[in-house]
Amino acid sequence: MKISFLMPAYNKEPYIAESIKSFIDQNHRNKELIIINDKSNDGTADICNYFIKQYRNIHYYENEKNMGVAYCRNLAREYATGDIMCVLDADDIAYIQRAAIVNKFFTKHKGIDIMYGAAHIVDIRSKVLDTRRPDNFSIVREKVDNQIVHSTVAFRNSVNVKYRESE
């Protein structure tokens, strides 16, 4: 299966290179990264342009004006060609086996369309502040204490996932 990573980016110059490298280092070969630059006014575009010159599976688009993170996620989804979509924000680092784990999960569980996983919450120096581990999903519990780390979410492209944009 092809895995598409969706990356909205707005003024993420301090973080985006490491985030992109975490995509490049994935041990799953059939992958692409879709970056939507939401009219950043820092060095985000320069960093992205450096990577797109070296990697054919990194695709980069710039908005003409700032549209917001939900718009960028939806736009990245439109450009993505993978069977599976993985959220990877520009200040997140993906575990090296993330795409392989996601691929294996969705191959094995054909009736499941969305998943999430464990994550370390870290500070700017990569010091682990907290660890979130998946538990049996409960909508009641999620409304009280959301334990889903958005950057671990993956879903089948066939599912109509759309982020709610501001009006």
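The values are calculated or read from the model by the stated rules, or taken from the named source; none is laboratory data. What you see is a predicted model; the values in this text were computed from it and never measured. Methodologically, a virtual Cβ is constructed for each residue, glycine included, from the backbone with ideal geometry; neighbour enumeration extends over all protein chains shown. Side chains included, ligands, DNA and RNA excluded: accessible areas come from the protein's heavy atoms. Shrake-Rupley method; radii C 1.70, N 1.55, O 1.52, S 1.80 Å.
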Problem set entry | Odd one out for Lys31 among (1) in contact with a Cys (Cβ under 9 Å, 6 or more places away or on another chain); (2) closer than 21 Å to Ser151 by Cβ; (3) open to solvent by 30 Å² or more (accessible area, probe 1.4 Å) | (3)
Problem set entry | Cross-chain or 6+ apart pairs with Cβ under 7 Å, segment 73-102 first and under 19 Å from Asn63 (Cβ atoms), then assigned to a helix (DSSP H, G or I) and open to solvent by less than 10 Å² (accessible area, probe 1.4 Å) | Leu88/Ser19; Leu88/Phe23; Ala90/Ile16; Ala90/Ser19; Asp91/Ser19
Exercise. Is it true that Ser4 is modelled with pLDDT of 95 or more, outside any helix (DSSP H, G or I), of a type in the set (Ser, Thr, Tyr) and under 11 Å from Leu88 (Cβ atoms)?
Worked result: yes
Problem set entry | Leading residue by the ranking (farthest from Cys72 (Cα to Cα)) among those in segment 1-28 that are among the hydrophobic types (A, V, I, L, M, F, W, C) and surrounded by fewer than 18 Cβ atoms within 10 Å (Cβ to Cβ) | Met1
Exercise. Quick check: is even one residue across segment 39-46 more than 26 Å from Asp123 (Cα to Cα) and part of a helix (DSSP H, G or I)?
Worked result: no
